Amino acid sequence: MLIDGAHAPGMIDLNLEDIGAEYYTGNCHKWICSPKGSAMLHVRADKQANFHPVFTSHTYDKPVGEKRWSSQFIWAGTSDFTPYISIGDAIQFGGSLMNDWQTLRAHNHDLTIKGRNILLKVLDVPAPVPDHMLGSLSTIPLPFAYEQPSHFFHNTHPFGKTLYDQFKIQIPIHAWPENNTRMWIRISAQTYNSIEQYEYLGEALKTLLKL
């Protein structure tokens, strides 16, 4: 079983041993806030023998410290490894912001709920999921019909462009599901966000949607 846990590291209390996944991958540039390009790959011990990198590295068959399997992934070509070696410092810094990661995650979760409640009220739509199913992200339905775009790859929805052009708000807007498609807006909450930003987004939505 492969788990794509892109947003999990730093956002939720993640314990790979409890999950028991054969393969797990997650990004560190999201909630841990290390540089873009930094990520993690976990392969359970009983699956490591047949799991190798695409490129043969300088340490393919040479142990690095006490690590032999993971050492084959080190220095594979001329990539910039700065994002990877900064992950530890980013984890330490994040844990110092509110004394520990538990407090930081709880703060982000609570801010997400407060921001979502503001937008749910503005848009007059029900909450898609209960509060306990949220981490530090929330997706909220928008009250207008989906229109098939001329292309999908790297497509920016016109409503998102208008939000940025008129209000300098940059926020993801998605279409889902494939059948009976609806438009959704996604908010995030981190320590550098404030409740006033979600109120500002709510006022922008009121103006554009004439609510």
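Per-structure values
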{"read-out": "Under 14 Å, Cβ to Cβ, from Lys210 - net charge with Lys/Arg +1 and Asp/Glu -1", "value": "-1"}
{"read-out": "R0 of 35 Å, Cβ-Cβ distance His174-Glu66: FRET efficiency to nearest 0.05", "value": "0.20"}
{"read-out": "Helix axis angle, 87-97 relative to the chain longest principal axis, alpha carbon, degrees", "value": "50"}
{"read-out": "Nearest 10 degrees, 0 to 90: helix 101-123 Cα axis against the chain principal axis", "value": "30"}
{"read-out": "Computed [θ] at 222 nm, helices only, for the chain once each DSSP H run of length n ≥ 4 contributes -39500 (n - 2.57)", "value": "-9500 deg cm²/dmol"}
{"read-out": "Prolate/oblate/rounded label for the chain (Cα gyration tensor, a/c 1.5)", "value": "prolate"}
{"read-out": "Charge tally in the Cβ shell below 14 Å around Leu120, where Lys, Arg are +1 and Asp, Glu are -1, Leu120 excluded", "value": "+2"}
{"read-out": "In degrees, nearest ten, helix 195-209 long axis to first principal axis of the chain (Cα)", "value": "50"}
{"read-out": "Candidates Ile187, Ile85, Ile173: whichever shows maximal mean-square fluctuation once the chain is modelled as a Gaussian network with Cα springs under 10 Å", "value": "Ile85"}
{"read-out": "Surrounding net charge for Met1, when Lys and Arg each add one and Asp and Glu each subtract one, Cβ distance under 15 Å", "value": "-3"}
{"read-out": "Tyr192-Thr139 pseudo-label distance in nm [points 7 Å out on the Cα-to-Cβ vector]", "value": "2.5"}
{"read-out": "Rounded to 5, percent antiparallel among DSSP beta bridges of the chain", "value": "80"}
{"read-out": "Proximal lysines relative to Lys36, as straight alpha-carbon distance under 27 Å, when same-chain residues fewer than 8 apart are discounted", "value": "Lys67, Lys161, Lys168"}
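Read the figures in this text as sums done on the coordinates, not as results from a lab. Just so it is clear, the structure is predicted and the values come from calculations on it, not from any experiment. Cβ sites come from the backbone with ideal geometry, for glycine too, and all protein chains shown count toward neighbours.
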